[in-house]
1. Which condition from (1) in a loop (DSSP other than H, G, I, E, B); (2) modelled with pLDDT of 95 or more is the one that E59 breaks?
2. Restricting attention to region 201-219, report how many residues are open to solvent by 10 Å² or more (accessible area, probe 1.4 Å) and under 24 Å from G265 (Cβ atoms).
3. How many residues are open to solvent by 50 Å² or more (accessible area, probe 1.4 Å) and in a loop (DSSP other than H, G, I, E, B) when one looks only at region 133-143?
4. Just wondering, is there one or more residues in region 98-110 that are of a type in the set (A, V, I, L, M), under 23 Å from V245 (Cβ atoms) and at pLDDT 95 or above?
5. Exactly one of (1) under 18 Å from T160 (Cα atoms); (2) crowded, with 21+ Cβ neighbours inside 10 Å is unmet by P259. Its number?
6. Working only within region 121-132, note down all residues that are at negative phi, of a type outside the set (S, T, Y) and open to solvent by 20 Å² or more (accessible area, probe 1.4 Å).
7. Looking only at region 63-92, count every residue that is touching a Gly at 6+ places or on another chain (Cβ under 6 Å), surrounded by fewer than 20 Cβ atoms within 10 Å (Cβ to Cβ) and either in a strand (DSSP E or B) or of a type in the set (A, V, I, L, M, F, W, C) (or both) and tell me the total.
8. Only one of L117, L40, L95, L60 is surrounded by 13 or more Cβ atoms within 10 Å (Cβ to Cβ), touching a strand residue (DSSP E or B) at 6+ places or on another chain (Cβ under 8 Å), of a type in the set (A, V, I, L, M) and closer than 27 Å to V245 by Cα; which?
Amino acid sequence: MSERDETLEHAPLGRESAYPEQYDAGLLFPIPRQANRAPLGLDDAALPFEGEDEWHAFELSWLDAKGKPIVAVARFRLPADSPSLIESKSWKLYLNSFNQTRFDSRDAVAETLERDLAQAAGAPVTVALFGVEDDALAPRALPGECLDDLDVSIEHYTPTPELIEVGEEIVEETLHSHLLKSNCPVTGQPDWGSVLIRYRGPRLEREALLKYLISYRQHQDFHEHCVEHLFVDLMARARPERLLVMARYVRRGGLDISPWRGTPGERPPTPLRLARQ
C-alpha cells in the first residue's frame with residue numbers, strides 16, 4: 001500500500017470508528033482537490049473541464065417529530081470546481097448521525113444536508129430525497145457500444161496513457177466498459193466501476209482504449225481523481241473536439257459515487273443508476 005497522503009492523516013477512512021447516535025456535522029472530512037490535481041498539471045483556477053460528483057446514499061434515515069423512523073435515498077451533486085471533495089467514510093458517519101435525530105420535516109433534512117455538505121465542500125451542493133420505491137431509482141443500462149467482449153491481451157495494470165491510439169477518421173460516438181477497477185488510496189480496498197466515454201474527434205482504437213481502461217486496475221486514487229486522470233490522458237493523446245468521461249462506481253458502505261468531467265457544454269446522459277449501484 002502506498003504511503004498515506006498527509007491530507008488524509010486525520011481522516012476516519014481506514015480506522016475503526018464508533019457510529020454516532022446524534023447529528024454531528026463535524027464528522028464531515030473535506031480533502032482539497034488540488035493536492036491530487038497538481039500531478040496531472042491541473043490548476044483549480046483554470047480547469048479544462050466542467051463536471052460534478054454525483055453521490056447516492058442508500059442508508060439514510062431519521063426520526064420525525066413524533067420519533068417515528070423515516071427512510072429515504074438521497075442524491076447529492078457536488079460541483080467539480082468546489083475546493084474540496086468529501087472523504088466517503090466521514091460522509092457515511094455523518095449520515096448515520098441522523099439515525100436518532102428528530103427533524104420536523106423532509107425539507108428540514110434536505111436543508112440540513114445542503115448546508116453541511118456545502119460548508120465542507122466549499123461550494124453549493126444540491127440534494128434530492130427519494131422514496132425507496134421511487135421509479136427514478138430503477139437501474140438502467142449505459143448508452144453506446146460496450147468494449148468488454150474485445151479479445152485483448154493485458155500487460156499493464158497501472159495507468160498507461162501510451163496505450164491510447166487514434167485513427168484518422170473523425171467520428172462522434174459513445175463507448176463504455178464495465179471493467180474499470182481502481183483501489184482506495186488509503187485502505188487499498190477495490191473500487192469497481194463502469195466508465196462511459198463520449199467524444200467527437202479522431203476515432204479511438206477500441207482494443208487500445210480497453211487496455212488503457214484496464215490499466216487502472218492497481219491504481220490507488222479517489223474515484224473523482226481517477227475520472228480526471230482519464231479525462232486528461234484522453235485529451236492529451238486523442239485531442240478530441242469534445243469529450244465526456246463519466247464513471248459510475250459500485251456502491252460500498254451504502255454510498256456510490258459517479259463523477260463526470262466534460263469539455264465546456266458537455267453534459268452526462270439522463271440521470272441513471274446501474275444494476276451494480
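The values are calculated or read from the model by the stated rules, or taken from the named source; none is laboratory data. What you see is a predicted model, and the numbers here were worked out from it, not measured in a lab. Quick reminder, even Gly has a Cβ in these numbers, built from the backbone with ideal geometry, and neighbours come from all protein chains shown. For accessibility, only protein heavy atoms count, side chains too; no ligands or nucleic acids. Shrake-Rupley method; radii C 1.70, N 1.55, O 1.52, S 1.80 Å.
1. It is condition (1) that E59 fails.
2. Of the residues in that region, 2 qualify.
3. Counting residues in region 133-143 that are open to solvent by 50 Å² or more (accessible area, probe 1.4 Å) and in a loop (DSSP other than H, G, I, E, B) gives 5.
4. Within region 98-110 (the criterion being of a type in the set (A, V, I, L, M), under 23 Å from V245 (Cβ atoms) and at pLDDT 95 or above), the answer is no, since none of the residues qualifies.
5. (1)
6. P124, V127, A128, L129, F130, G131, V132
7. Residues in region 63-92 being touching a Gly at 6+ places or on another chain (Cβ under 6 Å), surrounded by fewer than 20 Cβ atoms within 10 Å (Cβ to Cβ) and either in a strand (DSSP E or B) or of a type in the set (A, V, I, L, M, F, W, C) (or both): 1 in total.
8. Selected residue: L117, the only one of L117, L40, L95, L60 that is surrounded by 13 or more Cβ atoms within 10 Å (Cβ to Cβ), touching a strand residue (DSSP E or B) at 6+ places or on another chain (Cβ under 8 Å), of a type in the set (A, V, I, L, M) and closer than 27 Å to V245 by Cα.
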